[in-house]
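J.: Below: one structure in structure tokens.
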Amino acid sequence: MRVGQNLYSMEHIGGDAYRNLLAEASALRDGHWGRIVTYSRKVFIPLTRLCRDECGYCAFVRRPGSQTAGYISPEEVLDVAVKGKELGCKEALFSLGEKPELRYKEARDALSVLGYSRTVDYLRDMCELVLNKTGLIPHANPGTMTSDEIEMLKPVTGSMGIMLENVSRRLTNKGLPHYACPDKVPVQRLRTLERAGDLNVPFTTGILIGIGETWSERIDSILAINDIHRKYGHIQEVIVQNFRAKPGIPMAGHPEPDLYDMARTIAAARIILDPDISLQSPPNLEDDFGYYIRAGINDWGGISPLTMDYINPERAWPQIESLRSVTETERCELKERLTIYPKFIGDSGRFVSPEIRRHMDEISGQDGLASAQCLS
């Protein structure tokens, strides 16, 4: 019997059963991805840190009146992108709060000064600006989206994403992390995943662990992602991310998941998910991050030589050579990928707009990863 058939019962797994779980996950990874672990060299562009949600674990969001609230200007966007290009970046990840104009007059006023009424319209134009001026491929994380919004963004982005985080409606109850968060109602996030699939958008999603969810709710969340991928085939990567406590957030005193908890969750995800879905965990949120490879990951996600992790600003990115050293210690090879995974580039008529494809051809090698001529 495969370990994966009993994943709901593995909340307190240990000993040989735990080692077998990781061994099965690693074997599945090796069978599809080999001993190659990838990363994307990118810049992070925090278009706005205003948000209408109030997640209990979030340190990214700013409220009106704070120093870093508001929207960064087109000049600031382009400045970051140009500097990233000079440092060898290939991707521009736009991170932003969800629909702040629906809650705050200050957001509406700031957008009006820029000539917009909706954040997503400003995002669309900034993606186009970065693409045309630098060639960096935009990845957009605007939160929940309608089909019209996804369709509007597709021509100027290589990929999009939204963290599912968890499918449990229970987490929206008072006193739990998604209370007072209209965009964290699970059905809304699942609908965004489905709409992206219907429109053939290469998509990133994932789960956030350690925020008060049960083990069964984690498994349910991974299964929900996989079910949508089986229908549409568009999920290019799934992130398993661990909650980190920070001063000043409502969950500042909440316990963090340990390495064992992360490893068993990563392994469960690798066993559940279709093998062609890339599995990643951020290396800056755990000191012994090389252990993630033993649990079944094949990707480190975005690493920036220029910009910090705005979601976890206290956790610096590892240097690329440090990442390479850790990866090689685990008997794997580190390679740089692009915003879009090779499978989706190869089927670009379905997944990638002609303009994005033109830029991708300039920076991709025959294997669909970053061209050796573009590496720095």
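Where a number appears in this text, it was derived from the coordinates with a stated rule and is not lab data. Everything numeric here is computed off the predicted structure, so don't read it as measured data. Don't worry about glycine lacking a Cβ; one is built from the backbone with ideal geometry, like all the others, and counts go over all protein chains shown.
J.: Going through the cross-link list 174/246; 85/105; 42/99; 99/246; 133/246; 105/231, which pairs have a Cα-Cα distance over 28 Å in this structure?
T.: In this structure, 85/105; 133/246; 105/231 lie more than 28 Å apart at Cα.
J.: Work through the residues other than residue 49 whose Cβ is under 10 Å from its Cβ and net out their charges, Lys, Arg +1 and Asp, Glu -1.
T.: +2
J.: So what's the net charge close to residue 283: Lys and Arg +1, Asp and Glu -1, counting the other residues with Cβ under 11 Å from its Cβ?
T.: With Lys, Arg at +1 and Asp, Glu at -1, the neighbours total -4.
J.: Run the dipole for the chain about the Cα centre, Lys and Arg Cβ at +1, Asp and Glu Cβ at -1, nothing else charged, and hand back the magnitude in debye, nearest 20.
T.: Approximately 440 debye in magnitude.
J.: Placing unit charges on C-beta atoms (Lys and Arg positive, Asp and Glu negative, everything else neutral), compute the dipole magnitude of region 287-376 about its Cα centre in debye, rounded to 20.
T.: Taking the Cα centre of region 287-376 as origin, the dipole is about 300 debye.
J.: Can you give me the C-alpha center-to-center distance between region 231-253 and region 286-355, rounded to a whole angstrom?
T.: Centre-to-centre distance over Cα atoms comes out at 16 Å.
J.: A follow-up question, please. Work through the residues other than residue 116 whose Cβ is under 12 Å from its Cβ and net out their charges, Lys, Arg +1 and Asp, Glu -1.
T.: Net charge around residue 116: -1.
J.: While we're on this one: Pop the C-beta distance of residue 27 and residue 287 into the FRET formula with R0 = 25 Å and round what comes out to the nearest 0.05.
T.: 0.45
J.: When N is the residue count of region 138-243, what does its C-alpha Rg come to as a fraction of 2.2 N^0.38 Å?
T.: 1.03
J.: For region 84-216, what mean projected area does the convex hull of the alpha carbons give, in nm²?
T.: Directional mean of the projected Cα hull area for region 84-216 stands at 9.7 nm².
J.: Using Cα centres only, tell me the gap between region 5-41 and region 180-221 in whole Å.
T.: 22
J.: Continuing with the same structure: For Cα pairs less than 8 Å apart in space and 6+ apart in sequence, what is the mean separation divided by the residue count of the chain, i.e. the relative contact order in percent?
T.: 23
J.: Which of 178, 234, 32 comes first, and how do the rest follow, when ranked by fewest Cβ neighbours within 10 Å?
T.: 32, 234, 178
J.: Could you give the C-alpha radius of gyration of the chain expressed as a fraction of 2.2 N^0.38 Å, taking N as the number of residues it contains?
T.: 0.93
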